[in-house]
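In what follows, a structure is listed as structure tokens, so that the remarks can point back to it.
Bear in mind that the values in this text are calculations on the coordinates, not laboratory data. Nothing here was measured: the structure is a model prediction, and the numbers come from that model. Methodologically, a virtual Cβ is constructed for each residue, glycine included, from the backbone with ideal geometry; neighbour enumeration extends over all protein chains shown.
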Amino acid sequence: MYKVLIIEDDNIIGEMLRLYLTEERFIVFRAETGKDGMMALGTFKPDILLLDLMLPDAEGVGLCATFRDLTTAPIIVVSMKTNVTDRIQALTAGADDYLCKPFSMQELKARIDAVLRRSLVAPALPEAVETDRDPGDEIQLDADRRMLIVRGNYVEITYSEYEIMKLFCHNPGKVFSREELINAARGYDSFVNDRAIDVHVTNLRRKIEYRPKEPVHIKTVWGVGYKFIP
């Protein structure tokens with residue numbers, strides 16, 4: 001059973017979410033403040049977060065960015081803000097999906113299922129990996145743990161970063177447009193923008209390149225997108 005952390009200060013909405021998801025056989029914990037939510041990350045260890053961006057002790061996309069820095073678990077933002085700009089900013093800050101209030105519980109469940117199909121929270125990082133592959137193969141994917149292996153060491157990545165790297169590794173040298181990478185990372189029915197993909201690529205370069213500002217593995221193809229060179 002998957003564990004869902006709800007970070008929502010509205011008692012009515014929070015309890016509705018808790019009761020519904022419990023009935024759908026999720027293990028649910030609810031926090032009412034950003035501080036309590038951050039504490040729950042370590043104690044509850046959620047598989048997915050439902051995050052309201054208007055909390056008593058913090059608000060805005062910076063809140064989403066803070067949680068993204070603290071966990072690789074997928075984040076679905078639930079917010080009263082319906083502007084396109086707000087959604088873009090939240091996704092760029094690290095959200096994996098965005099739902100505008102009010103929403104149907106059935107849609108929420110479908111979005112949670114869609115995110116979890118593409119994501120498993122990674123276990124604790126091993127110190128090293130034994131592999132029968134060529135040691136010169138610097139970058140590998142561990143499908144069981146949904147993690148990267150970079151020069152023999154496990155590297156923690158988000159689920160969207162994993163999906164992008166999976167596409168790259170399975171198609172070395174092929175040029176992918178940002179739209180194709182968006183579809184790989186989040187699916188056709190999710191709201192994302194090109195800037196979000198650029199952020200993911202920047203983060204991946206930091207994790208796999210010797211010199212991220214002079215990348216040799218993830219190359220920019222100007223006017224088109226990106227390609228991966230093993």
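The figures follow:
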| item | result |
| --- | --- |
| Gained length - Thr22 relative to Met80, 0.36 nm times residue gap less alpha-carbon distance | 18.5 nm |
| Likely footprinting exposure, Arg211, Arg151, Arg68, fewest C-beta neighbours within 10 Å first | Arg211, Arg151, Arg68 |
| Pairwise centroid distance, computed over Cα atoms, of region 4-63 with region 67-120, Å | 12 |
| CD proxy at 222 nm, helix term only [per DSSP H run n ≥ 4: -39500 (n - 2.57); per residue of the chain; nearest 500] | -12000 deg cm²/dmol |
| Fraction of antiparallel bridges per DSSP, region 3-117 only, in percent to nearest 5 | 10 |
| Lysine pair count for the chain [Cα-Cα under 20 Å; pairs on different chains or 8 or more apart] | 17 |
| 5 angstrom amide H check on Val77, placed H, neighbours 5+ away | Leu51, Asp96, Asp97, Tyr98, Leu99 |
| Order of Leu51, Leu70 under a 10 Å beta carbon neighbour criterion, fewest first | Leu70, Leu51 |
| Relative contact order of the chain, defined on C-alpha pairs under 8 angstrom at six or more residues apart (%) | 14 |
| Cβ-based exposure ranking for Lys219, Lys166, in which fewest neighbours within 10 Å come first | Lys219, Lys166 |
| Approximate spin-label separation Thr66-Glu156, in nm, with each point projected 7 Å along Cα-to-Cβ | 1.8 |
| Mean separation of Cα contacts under 8 Å (6+ apart) over length of region 3-117, as relative contact order % | 23 |
| R0 of 25 Å, Cβ-Cβ distance Met39-Lys101: FRET efficiency to nearest 0.05 | 0.50 |
| Under 5 Å, built H, 5+ apart or other chain: amide partners of Leu55 | Gly60 |
| GNM result for the chain, Cα springs below 10 Å: residue of Ile112, Ile12, Ile139 fluctuating most strongly | Ile12 |
